[in-house]
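J.: Mind looking over this structure? Questions follow.
The values are calculated or read from the model by the stated rules, or taken from the named source; none is laboratory data. What you see is a predicted model, and the numbers here were worked out from it, not measured in a lab. Using ideal geometry, Cβ is built from the backbone for each residue, glycine included, and neighbour counts are taken over all protein chains shown. Ligands, DNA and RNA are excluded from the accessible area calculation, which covers all protein heavy atoms including side chains. Shrake-Rupley method; radii C 1.70, N 1.55, O 1.52, S 1.80 Å.
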Amino acid sequence: MLVIRVDLVEEIVAHARRDHPREACGQLFGAADGGRAMRYVPMTNADEADEQYDNFRFDPDEQLRVHRDAQSRGEEVVAVVHSHTGMPRRLPEGRRQSEAYPSAKDVRFMGLQPDVHFVIVALDGPDAETELRSFLLGGHGEVVEDEVTIGPGGTYGG
């Protein structure tokens, strides 16, 4: 289970709305001994401008600065966060799946940090309702959805 304070969820959603229609991206950090998200760091989508509508990439220099700052605070990455800005989409088998689901590129990226949550916020417009979901990679590389609990006692429902 991923536990996130409600104010951090609000920051993540506000960031996704601000950057729409580009994908927003950032990271959640928490105490190295806890695994609870305590701080959201919005980051720059460094992908090529024409790809920012359906992709994201952290700027390596910015990512290094953010990680060094987190280390100095005794924090570790709890989750990589990004938005998907078009929903729903068609999967290869013809099934419809909410856009708040990892793409093939997302799954490859998840493989770099298999114990880190991958949080996706789906919204199809800057004022649209959002869906926030969290995923991890299972032991055999399969995508596994994990429950997201907001603050002390609430589960985020969109």
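J.: Please enumerate the residues belonging to the stretch 7-39 that are under 20 Å from GLN113 (Cβ atoms), among the charged types (D, E, K, R) and either free of Cβ contacts under 8 Å to residues at least 12 places away in the same chain or assigned to a helix (DSSP H, G or I) (or both).
T.: ASP33
J.: State all residues of the stretch 142-158 that are over 17 Å from the mean Cα position of the chain (by Cα) and modelled with pLDDT of 90 or more; if no residue qualifies, say none.
T.: GLU142
J.: Taking ARG89, is it open to solvent by 80 Å² or more (accessible area, probe 1.4 Å) and either modelled with pLDDT under 90 or charged (D, E, K, R) (or both)?
T.: No.
J.: Could you go through the stretch 69-82 and let me know if any residue there is modelled with pLDDT under 95, within 14 Å of the chain's Cα centre (by Cα) and part of a loop (DSSP other than H, G, I, E, B).
T.: Taking every residue of the stretch 69-82 in turn, none turns out to be modelled with pLDDT under 95, within 14 Å of the chain's Cα centre (by Cα) and part of a loop (DSSP other than H, G, I, E, B).
J.: Only one of (1) farther than 24 Å from VAL143 by Cα; (2) open to solvent by 40 Å² or more (accessible area, probe 1.4 Å); (3) at pLDDT below 95 is not met by ARG65, so which one is it?
T.: The one condition ARG65 does not meet is (3).
J.: Condition first: touching a residue at least 12 places away in the same chain (Cβ under 8 Å), open to solvent by 60 Å² or more (accessible area, probe 1.4 Å) and basic (Lys, Arg). Now tell me which residues in the stretch 94-149 satisfy that.
T.: Scanning the stretch 94-149 gives a single hit, LYS105.
J.: Let me ask you something else. Restricting attention to the stretch 1-29, report how many residues are among the acidic types (Asp, Glu) and farther than 20 Å from ASP127 by Cβ.
T.: 1
J.: Conditions: (1) at pLDDT below 95; (2) assigned to a strand (DSSP E or B). ILE120 meets all but one. Number of the miss?
T.: (1)
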